[in-house]
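Participant: I'd like to ask some things about the structure below.
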Amino acid sequence: MFRKVLIANRGEIALRIIRACRELGVASIAVYSDADARAPHVREADEAVNIGAPPSAESYLRGERIIEAARRLGAEAIHPGYGFLSEREWFARAVRDAGLVFIGPPAEAIAAMGSKTAARTLAVAANVPVVPGTTEPLNDAAEARAVADRFGYPVLLKAAAGGGGKGMRLVRDASEMESSLDAARRESKNAFGDDAVYVEKYIVGPRHVEIQVLGDNYGTMLSLNERECSVQRRHQKMIEEAPSVAVTPEIRRAMGETAVRAASAAGYVNAGTCEFLLDRDGKFYFLEMNTRLQVEHPVTELVTGIDLVQWQMRIASGERLPFKQEDIVPRGWAIECRITSEDPANGFLPSTGTISYVHVPAGPGVRWDSGIEIGSEVGLYYDPMLAKLIVHAPTREAAVERMHRALLELTIEGVDTSRDFQLRVMEDADFRSGAIEIQWLERRLDSLTHAKPPAEVTRKAAIVAALIADRDRLAPARPTSPSSGAPTQDAWTRVARLENLR
Ligand code: ADP
């Protein structure tokens, strides 16, 4: 095992990796921008080094500077986390060229899966089912229309270099093709510096189900089974779970084997994820491979009992996987909520400020992976995800109840958060029955963001109001009353705050 590892990331994932380092007896080095000088990951790591100004391009994306820091401070390996430099082929290569170990797949595997079109070509060759569409970028709208005619509308235009839902456009009919293609190209050029766009058939009503794979340097590649990530807004995941209600043992086996085949074809090593669309008939299509640790990895950790971050480090340091496919026996159900600093009632507008209070849920089966604490500044430089709340229970029903309970315990003050919205999802009949697919959230967004507050919140508000009214009634009458009537007003102000009434 390594003696010292540099973590090229920030926030909750940097802390997650520091924890793995500590449990393995490995020293950790944090990097930070000027904006993060007082962030928890800086304090928790054994050493920390400033790498530049707040914008990512001037700090967390400065690969050369990060590698230089790793060498200077004597790190043997770099863990990139997710986002930032984690899927940049050049970075993985530069780390290796500097004589260090990149804790992730080989640069060649990142390249093979890096573009969606290259990944589709590779998948087709490995006999992995992909969504019908092209594997080559489109030349013009006429060609796009010809392809769409072949597969039938609606179709989806996708940036070959895409990620995070960027450069993606739904096209309902031929008349929309030209403007959508222009828009997708422009967006892709801006986001990724590449305007290659291809076309896929738009699958109606699918679920997003992905397979976690884990492979070592000695030819073992395992499927750690599925995660269900259909609760999405604008193609961004908000709530994830494992396993999936839609995955039968047969689908699980077939999807797992397919993912292992795709990963092996790319020469993959370490932890990675193959994303699939699962349609209503149980047919699945490979979407892409994410060549890194995923945000939602904890749900897999909880149901398999395998610490993915520790195994990433063990594999990178040359250890063999000691388990076989038949040893992977999932237990119970896990759910994750991404707690973001966004205002659901206001179109998920990012919310900034200083965290003035945090109460963290605890108790049986609750895990809190967070990057914030009281006093943390939440700005606009980085991702709005503040923390991940993850629960584990014997059944899905119990896991939903547990998440509901844990969300009720959670209080964050100082910024708006997604918490109330996620509470409503836990109370929603569709979600509870498991009848969710990727368009579900968008369809229900209005009612889930503007509906009356979750029943539990209203109940608590009513109790608070009653208690305050009681206190005020029983309190000895005040001699003078510059603010007579204030007690009731006070009670109602609190209720209104709790109920989000304006
Ligand atoms: P990105 O890399 O930008 O996240 P993906 O290819 O992973 O893009 O797709 C993101 C999401 O978009 C998926 O999880 C799914 O919700 C939706 N999606 C992608 N391709 C299709 C398709 N062919 N049909 C329907 N929905 C799709």
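The values are calculated or read from the model by the stated rules, or taken from the named source; none is laboratory data. If you're wondering where the values come from, they're calculated on a predicted model, not measured in any experiment. Cβ sites come from the backbone with ideal geometry, for glycine too, and all protein chains shown count toward neighbours. All accessible areas refer to the heavy atoms of the entire protein, side chains included, with ligands and DNA or RNA removed. Shrake-Rupley method; radii C 1.70, N 1.55, O 1.52, S 1.80 Å.
Participant: Cβ-Cβ under 7 Å, sequence separation 6+ or interchain: first residue in the stretch 44-58 and assigned by TED's automatic domain parsing to the domain that holds Glu68, partner among the β-branched types (Val, Ile, Thr) and not in a strand (DSSP E or B). Which pairs?
Facilitator: That search, which allows pairs on different chains as well, returns Glu44/Ile18; Ala45/Ile18; Ala48/Val42; Ile51/Ile66.
Participant: Further, regarding this structure: How many residues does the stretch 449-472 contain that are of a type outside the set (Asp, Glu) and modelled with pLDDT of 75 or more?
Facilitator: Qualifying residue count for the region: 14.
Participant: Only one of these is open to solvent by 60 Å² or more (accessible area, probe 1.4 Å) and either under 28 Å from Ala39 (Cα atoms) or not assigned by TED's automatic domain parsing to the domain that holds Asp36 (or both): Arg443, Arg396. Name it.
Facilitator: Answer to the selection: Arg443.
Participant: Hey, can you tell me all the residues within the stretch 110-127 that are in contact with a strand residue (DSSP E or B) (Cβ under 8 Å, 6 or more places away or on another chain), surrounded by 21 or more Cβ atoms within 10 Å (Cβ to Cβ) and among the hydrophobic types (A, V, I, L, M, F, W, C)?
Facilitator: Residues satisfying the conditions are Met113, Ala119, Ala123.
Quick grid of which residues meet (1) free of Cβ contacts under 8 Å to residues at least 12 places away in the same chain; (2) over 20 Å from Val209 (Cα atoms):
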site	(1), (2)
Trp90	no, yes
Arg93	no, yes
Asp97	yes, yes
Leu100	no, yes
Pro105	no, yes
Lys116	no, no
Ala119	no, no
Val124	yes, no
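Participant: In the stretch 322-415, which strands (runs of 3 or more DSSP E) lie fully inside it and hold 3 or more residues that are closer than 17 Å to Lys237 by Cα?
Facilitator: Of the strands (runs of 3 or more DSSP E) lying wholly inside the stretch 322-415, those with at least 3 residues that are closer than 17 Å to Lys237 by Cα span 333-340, 385-393.
Conditions (1) of a type in the set (A, V, I, L, M, F, W, C); (2) closer than 21 Å to Ala266 by Cα, marked per residue:
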| position | (1), (2) |
| --- | --- |
| Val95 | yes, yes |
| Glu108 | no, yes |
| Ala125 | yes, yes |
| Pro129 | no, yes |
| Ala146 | yes, no |
| Leu156 | yes, no |
| Met168 | yes, no |
| Glu176 | no, no |
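Participant: Could you please find all residues in the stretch 206-239 being hydroxyl-bearing (Ser, Thr, Tyr) and assigned to a strand (DSSP E or B)? Talk me through it step by step, then tell me what you get.
Facilitator: First pass over the stretch 206-239, keeping only residues hydroxyl-bearing (Ser, Thr, Tyr): 218, 220, 223, 230.
Result: Ser223, Ser230.
Participant: Right, something else. Just the residues that are within 12 Å of the ligand (Cβ to nearest atom), within 18 Å of Trp333 (Cβ to Cβ) and among the polar types (S, T, N, Q), please, taken from the stretch 202-257.
Facilitator: Result: Ser230, single match.
Participant: Follow-up. Give the residues of the stretch 140-179 that are of a type in the set (A, V, I, L, M, F, W, C) and within 12 Å of the ligand (Cβ to nearest atom), sorted by residue number.
Facilitator: The answer is Phe151, Val155, Leu156, Leu157, Ala159, Ala160, Ala161, Met168, Leu170, Val171.
Participant: Just give me the residues in the stretch 437-448 being at pLDDT 95 or above and in contact with a helix residue (DSSP H, G or I) (Cβ under 7 Å, 6 or more places away or on another chain), in sequence order.
Facilitator: Trp440
Participant: Can you pull out the residues in the stretch 1-31 that are open to solvent by 40 Å² or more (accessible area, probe 1.4 Å), more than 18 Å from Leu293 (Cα to Cα) and outside any helix (DSSP H, G or I)?
Facilitator: Correct list: Met1, Arg3, Lys4, Gly25.
Participant: Whether any residue in the stretch 392-400 is in contact (Cβ under 8 Å) with a residue 12 or more places away in the chain and touching a His at 6+ places or on another chain (Cβ under 9 Å) is what I want to check.
Facilitator: yes
This table checks each residue for (1) among the polar types (S, T, N, Q); (2) farther than 30 Å from Arg367 by Cα; (3) open to solvent by less than 20 Å² (accessible area, probe 1.4 Å).
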site	(1), (2), (3)
Met177	no, yes, yes
Ser188	yes, yes, yes
Val204	no, yes, no
Asp216	no, no, yes
Glu226	no, no, yes
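Participant: Which of the residues that make up the stretch 417-437 are out of contact with any Asp or Glu (no Cβ under 9 Å at 6 or more places or on another chain), of a type in the set (D, E, K, R) and farther than 18 Å from Pro206 by Cβ?
Facilitator: Of everything in the stretch 417-437, those that are out of contact with any Asp or Glu (no Cβ under 9 Å at 6 or more places or on another chain), of a type in the set (D, E, K, R) and farther than 18 Å from Pro206 by Cβ turn out to be Arg419, Asp420, Arg424, Asp428.
Yes/no matrix, rows are residues, columns are (1) over 18 Å from Glu228 (Cβ atoms); (2) open to solvent by less than 10 Å² (accessible area, probe 1.4 Å); (3) among the charged types (D, E, K, R); (4) free of Cβ contacts under 8 Å to residues at least 40 places away in the same chain:
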position	(1), (2), (3), (4)
Ser264	yes, no, no, no
Thr273	no, yes, no, no
Phe276	no, yes, no, no
Tyr285	no, no, no, no
Thr291	yes, yes, no, no
Glu301	no, no, yes, yes
Gly305	yes, no, no, yes
Trp311	yes, no, no, no
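Participant: List, please: which pairs have Cβ atoms under 6 Å, are six or more places apart or on different chains, and start with a residue in the stretch 344-363 that is in the same structural domain as Thr417 (by TED's automatic domain parsing) and on the phi > 0 side of the Ramachandran plot and end with one that is part of a loop (DSSP other than H, G, I, E, B) and open to solvent by less than 50 Å² (accessible area, probe 1.4 Å)?
Facilitator: Pairs that qualify, where the first residue is in the same structural domain as Thr417 (by TED's automatic domain parsing) and on the phi > 0 side of the Ramachandran plot and the partner is part of a loop (DSSP other than H, G, I, E, B) and open to solvent by less than 50 Å² (accessible area, probe 1.4 Å), are Gly353/Gly414; Gly353/Val415.
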